[in-house]
Amino acid sequence: MQQILNTLLRYKNFLIYISLLLFSIFFLSKRSFFHRSFINQLSLGLSGSIHLLKERTINYFDLIEKNKILRTENEKLKIYELIYQNQLLESSDTINFPFKTIGTKILKNSYTNARNYLILDKGFKDGIYSEMGVISNDGLIGIINETTENFSSAISILHKDIKLNVKFKKNLSFGSLLWGGESPNKMKLVDIATINPVSIGDTIVTGGMSAYFPEGIPVGRVKSFINKPSENYYDIDIELFSNLTQKKYAYIIENKTRKEIKDLENNE
Amino acid sequence: MNKTIKYIFQFSLLILIQVFVLNNINLFGYLNPYVYILFLISYQFNNNLSETIFLGFLLGISLDLISQSAGAHTIACLTISFLRPYFAILALRLKLSELPENLISKETRLLNKIGFLFLMVFIHHFILFFIIFLDPRSIFLILKNTFFTTLFSIIVIWPILTLLETKND
């Protein structure tokens, strides 16, 4: 004990310097947006590399399981491919499908906080920029937030401040999907007017009103709903199809028309 | 006690002059001398480095708060106040225990004094501009700014230092 104290006293000045320096950096990041984003990028790069190292070591041991998942997913994709090709024969419009996918690995995934983030192993070197959508094999994952050269961070859909545009598969009535923070497979659907019929088990798909995700990706099904007579909107609980706590791979979606849409929105 | 009052007076005067006069010079559009670090240059060496570090921090953060800058002065001042004894050792070629209480006096050789002054000003300015730009690609701009501002600052600081020296004697 005495020795620890002595060592502390010996390096007293250095410790004072370091703690004041940390405070100054905190002070700097609070006052200037430019410096804050620089510090964020630095920390993202650092934690990205650390998680990549961890991934590389762990990766090897569950290859069999992953192969199985990939095979089933490929089977599913093959069917879609066939449908797609079939449509191509009928009409030439579908050639202009504006979305492109980029496969990526999830280095870090969180789902226990009120605002969850993911780290992915693709960065602006691979053509990733902020506000691109991220999906998995069976549902939505999030939206890209910041990118460095080799990594990017994404806001998870399990984030208290995010609202997703979704609709009912059967009757196209639009609403917003948000996360209350309870469990990683439960979300709330709001803004569905009571003039639309709703029943338990109805499928919810993405709405396509935002430039992040293409229309029609299955998101979840209605688990329960409340129709208060005094209000004009339903209170609907959604159960997600996708288990966000077990995701290893994701697809980043590039919307080739996003710039045009953005420009239009800005012109309004 | 007398000394404390003197330092408090110096501290506040230098900050006020820096914020209200020197920060508005903008020679050739971008050059401002940073004379307020004169406080850290002329401050006594009294074997109490923690006190100096706190004073350096206080000096920088006061300037940042008053002049509405982000926080670069705090980090630069804090760092040179921590490194000050090492600069003195380097410039005067003495051991830490042999440093005189007051560097700015007739007893210090001119060359040593200039060396100490240059180290303090140059390192301070380099850290300052490095944090303001914070971009490895603008390293030439950072060095250019550092070099010319150091020159300007030393030109302004030197006469004041000489004045202080004659007063001390």
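Here is how the numbers come out for the structure above:
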quantity	calculated
Tensor-based shape of the stretch B:1-98 (alpha-carbon gyration tensor, a/c under 1.5 rounded, otherwise prolate or oblate)	prolate
Loop-located GluC sites (Glu not before Pro) in the stretch A:110-193, at most 12 other Cβ atoms within 10 Å (DSSP)	A:Glu149, A:Glu182
Added length on full extension, which subtracts the Cα-Cα distance from 0.36 nm per residue, B:Tyr7 to B:Leu111	34.9 nm
Proximal charge balance of A:Thr147 [Cβ under 11 Å; K/R count +1, D/E count -1]	-2
Stokes-Einstein D in µm²/s, Kirkwood radius over Cα pairs - the protein assembly as shown at 4 °C with 1.567 mPa s viscosity	48 µm²/s
For B:Tyr86, A:Tyr60, order by how many other beta-carbon atoms lie within 10 Å, fewest first	A:Tyr60, B:Tyr86
The stretch B:2-168: translational diffusion in µm²/s, Stokes-Einstein, Kirkwood Rh over Cα pairs, 37 °C, 0.692 mPa s	203 µm²/s
HN-Hα J in Hz across the stretch A:30-47 - Karplus 6.51, -1.76, 1.60, θ = phi - 60°, x for Gly and Pro	6, 8, 10, 5, 4, 5, 4, 5, 5, 5, 4, 5, 4, 6, 5, x, 5, 5
Cα-Cα over 20 Å, subset of A:Lys122/A:Lys248; A:Lys169/A:Lys223; A:Lys223/A:Lys248; A:Lys125/A:Lys163; A:Lys167/A:Lys223; A:Lys169/A:Lys248	A:Lys223/A:Lys248; A:Lys125/A:Lys163; A:Lys169/A:Lys248
Where chymotrypsin sites (Phe, Trp or Tyr not before Pro) fall in DSSP loop in the stretch A:1-46, at most 12 other Cβ within 10 Å	A:Tyr11
Charge dipole (the protein assembly as shown, unit charges on Cβ, about Cα centre) - positive-most of A:Ser19, A:Leu120, B:Asn102	B:Asn102
Total charge dipole magnitude, the protein assembly as shown, about the Cα centre, Cβ charges on Lys, Arg, Asp, Glu only, Debye to nearest 20	1100 debye
Chymotrypsin sites (Phe, Trp or Tyr not before Pro) restricted to the stretch A:108-196 and DSSP loop, no more than 12 other C-beta within 10 Å	none
Kirkwood-type radius of the stretch A:2-51, with distances r between different C-alpha atoms, in Å	13.0 Å
Proximal lysines to B:Lys3, defined as alpha-carbon separation beneath 20 angstrom and excluding residues fewer than eight positions away on the same chain	B:Lys106, B:Lys167
Sequence-separation-based contact order of chain B, relative, with Cα cut under 8 Å and 6+ spacing, percent	24 percent
Estimated FRET transfer efficiency when R0 is 30 angstrom, pair A:Ile200-A:Tyr80 (beta carbons, to 0.05)	0.60
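Values quoted throughout were computed directly from the atomic coordinates according to the rules given, and no laboratory measurement underlies them. The structure displayed is predicted, hence computed values, not measured ones. Cβ atoms come from the backbone with ideal geometry, glycine included; neighbour counts cover every protein chain shown.
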